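Shown next, in structure tokens, is the structure this report addresses.
The values are calculated or read from the model by the stated rules, or taken from the named source; none is laboratory data. Bear in mind the structure is a predicted one, so any value in this text is a computation, not a measurement. Here Cβ is always computed from backbone atoms with ideal geometry, including for glycine, and neighbour counts include all displayed protein chains. Heavy atoms of the whole protein, side chains included, go into the accessibility calculation; ligands, DNA and RNA do not. Shrake-Rupley method; radii C 1.70, N 1.55, O 1.52, S 1.80 Å.
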Amino acid sequence: MNLLNLSIKRKLILMTMLTSSIALLLSWASFLIYDLISFRSLLTQDLSTQAEIIGYNSAAAMAFRDQTAATATLSALTAKGDIVGAVLYGPNGKMFAHYFRGEETLPELQPTCSQKKSYRFQGQYLEVCHDVTLNGDRVGTLFLMSDMRQWSMRAQRYAKICFVFALMSAFLAFLVSSKLQKLISGPIMHLEDTMKMVSANKNYEVRAVKSYSDEIGSLMDGFNAMLSDIQQRDTALRGANEELQTRTQELEEEITQRRQAQEELLKAKHVAEEASRAKSTFLANMSHELRTPLNAIIGYSEMLEEEARGSENSGNIQDLQKIQAAGKHLLSLINDVLDLSKIEAGKMTLHLETFDVTGMIEEIVATLQPAVEKNRNTLHVRLADQVGMMRADITKVRQILFNLLSNACKFTDHGSISVDVDRRLEDGRDWIRFEVVDTGIGIGAKQKENLFKEFAQADTSISRKYGGTGLGLAISYRFVQLMKGRIAVQSEPGQGATFRVDLPAQVRIETPDSAPAEGTSEVPSPAGAVKTDRDTILVIDDDAAVRDLMSRFLTKLDFNVFAAGSGEEGLRLARQVHPGIITLDVVMPDRDGWSVLNQLKAEPELSEIPVIMVTIVDNQGLGLELGASHYLVKPVDRERLAALVEKHRNMHSSAPQTVRIPVSMSPDGKHVGPIGAEIVRRR
Amino acid sequence: MVAILAMLTASAAPDARSQDTSASSEYLIKAGFIYNFANLVQWPAATFPQPDSPIVIAILGQDHFGTTLDRVLQGKKVNGRPFLIKRLKSVPELLKSVAELKEYQILFISSSEMPRLAEAIQIVKGIPVLTIGETPGFAKNGGMINLILEDNRVRFEVNVEAAKEADLNISSRLLALARIVPQAPADGRKAE
């Protein structure tokens, strides 16, 4: 394992040395073996010859039985160092003469020579048997034994020489292979160095230097080609990376710019929304502020007109009527602007109640009668039998129809106007359709486009000729949308116009707290629980003009009127007189109407008295929630007020009436007379 | 052959003086020696008429061998030549057969003929015949090989000059075992 992990250099050296050593050893071994074998046969031959000579020399002695001579002959072997011993046997096999080197004895040699002439190797000894003959007659046998000393010495010498030569040749082989291995390992190591340099520094400009055109040379060529390939790709990659970075930076800058722009836009949007809200709030406030003095103007002009009719000073009547008309026009304008600003501020809410459509239509028709007659038009109302009840915001439905009909009256002269009401099923839902058709001047295609947009009356000249703000249709359109209905127009110039409104018979409010705010949450008051005067009305309002007007109007309706200028006074009076009905203003100094209402509902003796909110604040929901029976917005529609108070009086007509005062004094001492004129509120 | 020599060696070891056995064993050894001499001496080629001509051994004088020599040499051959044994009673008989002398290769002169040794030697002088004796002073007085008893062992003396004169070539191996005896002066020989 470790050998395999050696460096190429070491491996090459090792291989060379191993190969050369093996070759050398093999050749040496073969030479030595051959040499030793031949040397041994030489020795054998030599010994045989020696035996022959000695045999020859001792033959005569043997023949003549001359033991001394034979021994003398054998002693000549002293010169031969390697002969251990020699024995001459007689023909009968008995030892005749012998010679032993030194003190040695060879007892084991005794019975050896069985064959006539032979040699054999016995251990490290070579034994030779030789027949001694004299002229062909065998006279004895000679036995010679050699320890092959020469041979073993020679072998030892060879081993030494071999060892020395092996060392020398290994050293030489090491030297030579160390030099030669560089031919192969040199380029490879250079390649390795280059590779390390490339991988360590990621420097692809480095190239391996080719030394020879062998396999390693072509390997280097391939390596270099690969390097230049990688270098190209690296360069391309780096370029692409830089481009990517530049692009990314550009993108980031763009994103930053856009974000800034977006923030600016958001700011601008906030500013704009703020401005819009401020505008709407301002408009709403202004409308309230404008309406308060108008209340007085219209109210008092009506009162004056009434009084004028009673006297002979009838010349002022027409002037008073003009003041009234102008006031009402201004009021309608203000109301429109207020509605629109509410819509835009998103504060317009629906107050759903269930009502009879027929009744509502009749009410509108009655209200509109003067307008119809003004241009000598005729009005036809067609009601389908199954129209019945619908659930919607009655004030808004009323306003939509009022707008459409007053427009029809306005643009039609000596013509006919018709209202068709029908109930139909469409898409599995119950719809009520109102269709207002006139035979008036009609609407051009171009005007139709802007018909439902704010402040876009068909023509500015129309405004001058027919009057109006041009907000009526826009507001109607918004109301229809609010109730998830549809409004459409069909018209040709000079051919009259047809407005069609489709409203769901059951309008739904799509807000989480769709608490059904019943417009008329009639609280049945158990009669006789508390002693109240059904003909007594308590008016609570901080505005003296309102108190005056209300007192006069209600007195005309045969009510016993008490008036209070503040919430505290109102509560005190209520506890005193236990009125049948209370009208309550909201915006008052010290204690506002909500607080007074709460207090009234909290006191058991007063909680049963129906409270009609009469206020500029348009928050019907809160009022009804706190326990108010009705909610009227100033300027008060006298007819509605009259209808409401009459309803409550009749409801309790069976109740015993305690006091009935035809005329009463208002708290400020002024006489309150009957109010003849009526405030027409268009909503 | 081996068996014979073994027998000789075995019988030669004990007392050589005992009359019967020692005498017979002594001559048994001597017979072996004669055979060995025949092996180690080279005669001139002309000595033998044919390649398979026998080596003739003549025993001069009293024959102590008896049948021993015949027994020992029975069937033996040296260089393809068998042995033939002749017996001569005395020197004069030798003289008679002088014509046949050239056919003799070995002449064993018994101690009984010692007094007439010089004469005998004179007779064979110049003829390639190996003379073997068993009497002290034999070799010194012109004999070639003399067998002697020494410490109960049979040994031999060789007169190299005499052999050379007779044109016989004695192997050095034989000489290495022998006691070389010089030729006595001529007057000395005459005096004997």
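Observations on the structure shown:
- Heavy-atom accessible area order for A:HIS380, A:HIS130, largest first, 1.4 Å probe: A:HIS380, A:HIS130
- Evaluating 6.51 cos²θ - 1.76 cosθ + 1.60 at θ = phi - 60° for every residue in segment A:425-440, the Karplus couplings come out as 9, 8, 6, x, 10, 8, 10, 10, 10, 10, 10, 10, 10, 10, 10, x Hz, glycine and proline recorded as x.
- Partner lysines for B:LYS96 [C-alpha distance under 22 Å; skip if fewer than 8 residues away on the same chain]: B:LYS86, B:LYS125
- Cα long-axis angle, helix A:394-411 against chain A (0 to 90 degrees, to the nearest 10): 60
- A simple spin-label model places the labels of A:ALA366 and A:LYS446 4.5 nm from each other, with each point 7 Å out along Cα-to-Cβ.
- Alpha carbon Rg of segment B:79-192, scaled by the compact-globule rule 2.2 N^0.38 Å: 1.04
- Modelled spin-label separation between B:ILE148 and A:HIS288, with each label point placed 7 Å from Cα along the Cα-to-Cβ direction: 19.2 nm.
- Aspartates and glutamates whose Cα lies under 17 Å from that of A:LYS11, excluding same-chain neighbours fewer than 8 positions away: A:GLU192
- Label point distance in nm, A:TYR56-A:MET651, each placed 7 Å from Cα along Cα→Cβ: 17.9
- Heavy-atom accessible surface of segment B:65-192: percent carbon and sulfur, 1.4 Å: 51
- If you plug the beta carbon distance of A:ASN5 and A:GLN260 into 1/(1 + (r/R0)^6) with R0 = 45 Å, you get a FRET efficiency near 0.10.
- Between helix A:215-310 and chain A: long-axis angle, C-alpha atoms, 0 to 90°, nearest 10: 10
- Within the assembled protein chains, the solvent-accessible surface assigned to A:GLU215 is about 140 Å², based on a 1.4 Å probe.
- Here r is the Cβ-Cβ distance between A:GLN576 and A:ASP356 and R0 is 25 Å; the resulting FRET efficiency, rounded to 0.05, is 0.05.
- Fraction in percent of alpha-carbon pairs per bin - 10 Å, segment A:533-651: 14, 54, 31, 1
- To the nearest 10, the accessible area of A:ILE297 is 80 Å² with a 1.4 Å probe.
- Residue list for segment A:287-309, given a label point 7 angstrom along the Cα-to-Cβ vector of A:ILE317 and an amide N cut-off under 19 Å: A:299-309
- A Förster distance of 41 Å, applied to the separation of the beta-carbon atoms of A:ASP229 and A:GLU253, puts the FRET efficiency at 0.65.
- Gyration tensor verdict on the protein assembly as shown (Cα atoms; rounded if a/c is under 1.5, prolate if a/b is larger than b/c, oblate otherwise): prolate
- Percentage of interatomic Cα-Cα distances in segment A:154-205 larger than 16 Å: 63
- Cross-linked pairs A:LYS374/A:LYS453; A:LYS322/A:LYS448; B:LYS102/B:LYS164: Cα-Cα separations exceed 25 Å for A:LYS374/A:LYS453; A:LYS322/A:LYS448.
- Protein accessible area in segment A:204-348, 1.4 Å probe - carbon and sulfur %: 56
- Backbone N within segment A:352-368 under 19 Å of label point (7 Å from A:ARG508 Cα along the Cβ vector): A:352-355
- Between helix A:472-482 and chain A: long-axis angle, C-alpha atoms, 0 to 90°, nearest 10: 50
- Annotation: aspartates and glutamates with alpha-carbon distance below 18 angstrom to A:LYS410 (same-chain offsets under eight excluded): A:ASP336, A:GLU373, A:GLU435, A:ASP438, A:ASP459, A:GLU492.
- As a ratio to 2.2 N^0.38 Å, the alpha-carbon radius of gyration for segment A:267-362 is 1.56.
- Per-residue mean of foreign Cβ neighbours for A:60-70 is 6 (Cβ atoms of other chains, 10 Å radius).
- Linear extension gain, A:MET153 paired with A:THR71, 0.36 nm per residue minus alpha-carbon span: 26.6 nm
- Potential lengthening of the chain between A:ARG238 and A:VAL209 amounts to 7.8 nm, from the contour at 0.36 nm per residue minus the alpha-carbon distance.
- Among the trypsin sites (Lys or Arg not before Pro) found in segment A:316-359, those both in a DSSP coil and sparsely packed, with 16 or fewer other Cβ atoms within 10 Å of their Cβ, are A:LYS347.
- The length gained on full extension between A:ASP385 and A:THR19, counted as 0.36 nm times the residue separation minus their Cα-Cα distance, comes to 119.1 nm.
- Summed over the residues of the protein assembly as shown and divided among them, the accessible surface reaches 53 Å² per residue at a probe radius of 1.4 Å.
- For chain A, the share of DSSP beta bridges that are antiparallel, to the nearest 5, is 70%.
- Coupling constants for segment A:178-184 follow from the phi torsions by the Karplus curve (6.51 cos²θ - 1.76 cosθ + 1.60, θ = phi - 60°), and in residue order they are 4, 6, 6, 4, 4, 4, 9 Hz; glycine and proline get x.
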